[in-house]
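Enquirer: Before I ask anything, let me first share the structure, which is written out below as structure tokens.
Rule-based calculations on the coordinates, nothing more; no lab input. These figures come from a predicted structure and were not determined experimentally. Glycine also receives a Cβ, built like all others from the backbone with ideal geometry; neighbour counts cover every protein chain displayed.
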Amino acid sequence: MPVTVVGDEIISGFNRDALARLFNLSEEKQKRLAGLWLFETFDKILAAVVRAARQVPPEQLMWHTPDRNRPLKLFCYHILADPKHVLDAISTQKYDGAFKLTYAEESERYRTMEEIAAFGNEIRARVSDASTKLSPEILGRTINGYAGIITGHELLHQVLSHTAHHLRQLYEMLRMIGIQPIEPLEEEDFQGISMPKDLW
């Protein structure tokens with residue numbers, strides 16, 4: 001967990017409000033709300049992940065990815081499961097990261113990429129449902145995150161960024177195993193999403 005120490009003041013974790021106050025930052029300029037654009041863009045990204053996952057041939061399910069040396073099936077499950085955990089956190093106001101320890105075991109429930117894709121479409125439906133049911137007030141509630149206090153707005157922007165970045169990596173992984181992605185998203189489709197410049 002990050003710790004910030006300035007003089008006698010100590011801030012544990014990424015507590016945005018406390019850090020903004022301590023460093024005299026204009027917090028209002030940094031706040032990003034989760035509105036219509038985010039949910040529409042999220043659905044487009046998730047649909048692309050599902051489409052790409054369906055292209056993975058059965059004999060490549062256990063091909064190890066270059067980023068963390070994990071099976072390709074597990075990687076695809078991880079991409080699609082994270083939005084579920086974020087929506088759970090918005091509901092419970094708790095985001096302790098314990099779900100990260102369950103990825104390998106949970107992915108074993110899915111024997112094929114078609115089953116992973118079906119799971120992805122379930123997540124798309126849940127995100128779509130959230131777009132109409134989660135009010136700005138609910139999304140603005142504080143959540144006890146493993147890296148500090150955060151809001152639902154911020155978590156949704158983070159998981160959108162995470163999903164989009166992994167989609168770009170998934171495209172490259174498909175090419176590594178000799179498959180050209182079908183209808184890949186273009187650079188303009190990622191406009192407005194904060195992502196690392198480097199692929200790995």
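Enquirer: Among Leu61, Leu155, Leu46, which one moves the most in a GNM of the chain with springs linking Cα atoms closer than 10 Å?
Expert: Judging by the Gaussian network model, the answer is Leu61.
Enquirer: Sort Ile90, Ile116 so that the residue with the fewest other Cβ atoms within 10 Å of its own Cβ comes first and the one with the most comes last. The partial results should precede the final answer.
Expert: Details: Ile90 22, Ile116 27.
The order, fewest Cβ neighbours first, is Ile90, Ile116.
Enquirer: Given the rule -39500 (n - 2.57) for each run of at least 4 DSSP H residues, summed and divided by the residues of the chain, what is its mean residue ellipticity at 222 nm, to the nearest 500 deg cm²/dmol? Could you put the intermediate results ahead of the total?
Expert: Working: 8 runs with 105 residues, N = 200.
The helix contribution divided over the chain gives -16500 deg cm²/dmol.
Enquirer: Given the options Glu154, Glu108, Glu187, state which has the largest fluctuation in a GNM of the chain using a 10 Å cut-off (strictly under) for Cα springs.
Expert: Looking only at Glu154, Glu108, Glu187, the largest GNM fluctuation is found for Glu187.
Enquirer: Now for a separate question. What do you get for the angle between helix 152-176 and the principal long axis of the chain? Use alpha-carbon atoms, 0 to 90 degrees, nearest ten.
Expert: That helix lies at roughly 30 degrees to the long axis.
Enquirer: Using mean projected area of the Cα convex hull in nm² as the read-out, say which of (i) 14.2; (ii) 12.1; (iii) 16.6 was calculated from these coordinates.
Expert: Working out mean projected area of the Cα convex hull in nm² from the coordinates points to (ii).
Enquirer: Also, quick follow-up: What length, rounded to one decimal in nm, is gained on full extension from Ile182 through to Tyr146, with 0.36 nm per residue of separation minus their alpha-carbon distance? Kindly include the intermediate steps, with their values, before the conclusion.
Expert: Values: separation 36, 0.36 × 36 = 12.96 nm, distance 3.65 nm.
That works out to 9.3 nm of additional length.
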